[in-house]
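To start, the structure under review is shown below, and the notes come after it.
The values are calculated or read from the model by the stated rules, or taken from the named source; none is laboratory data. Every value quoted in this text rests on a predicted model; they were computed, and no experiment measured them. Here Cβ is always computed from backbone atoms with ideal geometry, including for glycine, and neighbour counts include all displayed protein chains.
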Amino acid sequence: MPKDDFASLMEASLKSDASRARKRLSAGDVVEGSVIQIGPDSVFVDIGTPADARMDRNGFEDREGNLRLAVGDRVRATVVDPSPDAPVLATSMGHGGALAGAELAMALESGTPVEGRVSKAVKAGLEIELGSLRAFCPASQVELGYVADLTSYEGQTLEFKVLEVRDGGRSIVLSRRALLEDERRQKLEEMSGVLTPGSDLEGVVHSTQKHGAVIDLGGVEGFVHISELSPHRVERVEDIVREGETVRVRVLAVEENHKGGTRVRLSMKALAQPAEHELPAKDEVLEATVTRLANFGVFVDTKIGEGLVHTRELGLPHGSDHRKALPVGTQVQVVLLSRDPDNGKLRFSARGVASVEERRNFRDFSSGGSGSLGSLGDVLRRKLGLPEPPPEPPKRANPPAPPPAPARATVPEAAAPQNPAPEPRLAPEDAPKPAAPKPAEKERRPDPPGVIRRKPR
């Protein structure tokens with residue numbers, strides 16, 4: 001190795017040792033490092049100090065005793081003991097039931113979780129034992145969503161985040177939801193390339209509620225509203241999904257809620273909607289049933305899914321109340337207007353059925369041949385449901401020729417006179433004379449005013 005390279009390595013090593021020597025820790029500091037060794041009781045982490053930091057192995061084991069950590073993993077922890085010879089770190093405090101007032105204050109300042117046992121569930125929340133200390137977790141801070149029955153948490157040992165310490169430690173308020181939101185935010189960052197609107201994922205039904213289902217997407221939970229469970233009307237969530245069932249969902253949106261958390265909206269209906277080539281023809285009339293009423297129209301259920309018929313597409317007289325004219329359960333006929341390519345929402349029209357029928361009748365009439373009355377009669381007969389006329393007898397290809405007319409009787413030439421006598425001519429004086437024309441009557445003008453004529457006797 002060249003001397004220059006060796007000298008540069010030695011210089012870098014000395015600088016690294018100097019930086020390690022200058023790095024000083026304080027209780028409550030949040031540090032990050034890499035796992036370099038895992039022992040029977042401790043986990044050793046390189047955090048950039050002269051001595052490697054030590055952590056309790058129990059903090060990385062699940063309920064079955066399985067280790068959730070491996071050499072090379074990055075961990076984030078809080079400094080509990082800043083001793084330069086052997087710093088002690090902790091991802092949570094209170095393991096084994098021991099938690100002093102100084103550790104509680106450190107946990108409040110650094111945000112380090114504390115471990116406690118749920119002793120009792122009350123209407124307002126959970127009572128927690130933190131060693132010799134008593135704490136309280138409100139019901140709204142237990143889970144990310146609403147929990148109807150809190151008694152299932154009794155006897156469990158859980159981790160919480162300290163929100164408030166008052167009266168010298170006699171009043172401690174904890175939150176489990178804050179930790180779950182931090183974990184969820186970290187998972188969202190890890191899944192940022194996959195969890196995008198329009199992507200299709202596989203998840204497990206975590207729970208069912210009145211208004212929808214919670215889906216676990218591998219550490220990140222999303223919500224499927226009851227209207228997004230199926231293309232058709234759903235009365236009960238349990239009719240479509242069950243807890244523990246694996247389902248396919250489509251991500252509709254990833255958005256921030258009013259509490260600062262992240263909400264993932266999912267849909268199962270979008271995957272069940274028919275594709276563009278599976279949609280009915282433009283002039284196909286669909287049978288529909290009114291399922292819901294709204295101020296702007298009615299929702300109907302068809303063989304291709306549920307959709308909206310806007311008030312302007314209902315075809316009702318002006319000023320009529322569509323809620324009274326079309327109550328829930330009414331059978332109507334509709335045609336498809338459009339389908340949203342993003343969310344698959346369908347829009348129908350009841351007014352357009354008449355136009356479709358008119359176009360269909362015109363096509364049937366035109367295809368009947370030269371617009372004859374017979375074709376129109378066929379259309380009307382089918383429209384009115386009249387029976388078909390009896391078939392006409394078939395025409396022969398070459399009809400027989402009519403019989404020849406009888407010959408007219410002729411006089412034999414022998415019987416005819418040889419020289420017929422000429423007709424007698426009249427003398428000029430005996431010829432009838434033409435009648436003389438009548439003299440034209442003289443036009444009589446009306447008498448002037450004031451003149452009176454006597455009538456002739």
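Looking at this structure, is Asp73 at pLDDT 70 or above, over 26 Å from Arg170 (Cβ atoms), in contact with a strand residue (DSSP E or B) (Cβ under 9 Å, 6 or more places away or on another chain) and surrounded by 11 or more Cβ atoms within 10 Å (Cβ to Cβ)? Even if it seems obvious, please write down each step before you answer.
Numbers: at pLDDT 70 or above: yes; over 26 Å from Arg170 (Cβ atoms): yes; in contact with a strand residue (DSSP E or B) (Cβ under 9 Å, 6 or more places away or on another chain): yes; surrounded by 11 or more Cβ atoms within 10 Å (Cβ to Cβ): yes.
Taking the combined requirement at face value, the residue satisfies it.
Against the list (1) in a helix (DSSP H, G or I); (2) out of contact with any Ser or Thr (no Cβ under 9 Å at 6 or more places or on another chain), the condition Leu69 fails is (1). Of the residues making up region 53-70, those that are at pLDDT 80 or above, hydrophobic (A, V, I, L, M, F, W, C) and surrounded by 13 or more Cβ atoms within 10 Å (Cβ to Cβ) number 3. The number of residues in region 30-64 being part of a loop (DSSP other than H, G, I, E, B), under 48 Å from the mean Cα position of the chain (by Cα) and of a type outside the set (D, E, K, R) comes to 0. Listed by first and then second residue, the pairs linking a residue in region 116-136 that is over 13 Å from Ile172 (Cβ atoms) to a residue that is buried (at least 20 other Cβ atoms within 10 Å of the Cβ), with Cβ atoms under 9 Å apart and 6 or more places separating them unless they lie on different chains, are Arg117/Ile128; Arg117/Leu130; Val118/Leu126; Val118/Ile128; Val118/Cys137; Ser119/Leu126; Ser119/Ile128; Lys120/Leu126. Could you please find all residues in region 162-198 being in a strand (DSSP E or B) and more than 29 Å from Leu266 (Cα to Cα)? Answer for region 162-198, where residues must be in a strand (DSSP E or B) and more than 29 Å from Leu266 (Cα to Cα): Val162, Leu163, Glu164, Val165, Arg166, Ser171, Ile172, Val173, Leu174. Only strands (runs of 3 or more DSSP E) whose full extent lies in region 280-352 are considered here, and the ones with at least 3 residues that are under 30 Å from Ser199 (Cα atoms) are 297-302, 305-310, 331-339, 346-349. Only one entry of Val264, Val328 meets the criterion of being in the same structural domain as Val249 (by TED's automatic domain parsing), modelled with pLDDT of 85 or more and more than 17 Å from Arg351 (Cβ to Cβ), and that entry is Val264. Ser175 falls short on exactly one of the conditions (1) surrounded by fewer than 18 Cβ atoms within 10 Å (Cβ to Cβ); (2) under 17 Å from Glu143 (Cα atoms), and that condition is (1). For region 98-143, enumerate the residues that are polar (S, T, N, Q) and in a strand (DSSP E or B). Listed by number, the list holds a single entry, Ser119. Can you find even one residue in region 168-178 that is over 37 Å from the mean Cα position of the chain (by Cα), of a type in the set (Ser, Thr, Tyr) and at pLDDT 85 or above? Checked against the condition, which is being over 37 Å from the mean Cα position of the chain (by Cα), of a type in the set (Ser, Thr, Tyr) and at pLDDT 85 or above, region 168-178 yields at least one hit.
Would you point out which residue out of Arg170, Arg176, Arg233, Arg185 is of a type in the set (Lys, Arg) and touching a Cys at 6+ places or on another chain (Cβ under 9 Å)? Talk me through it step by step, then tell me what you get.
Values: Arg170 fails: touching a Cys at 6+ places or on another chain (Cβ under 9 Å); Arg233 fails: touching a Cys at 6+ places or on another chain (Cβ under 9 Å); Arg185 fails: touching a Cys at 6+ places or on another chain (Cβ under 9 Å).
From the options Arg170, Arg176, Arg233, Arg185, the qualifying one is Arg176.
Name the residues in region 105-145 that are among the small types (Gly, Ala, Ser), under 39 Å from the mean Cα position of the chain (by Cα) and either loosely packed, with under 15 Cβ neighbours inside 10 Å or modelled with pLDDT under 90 (or both), would you? Result: Ala124, Ser140, Gly145.
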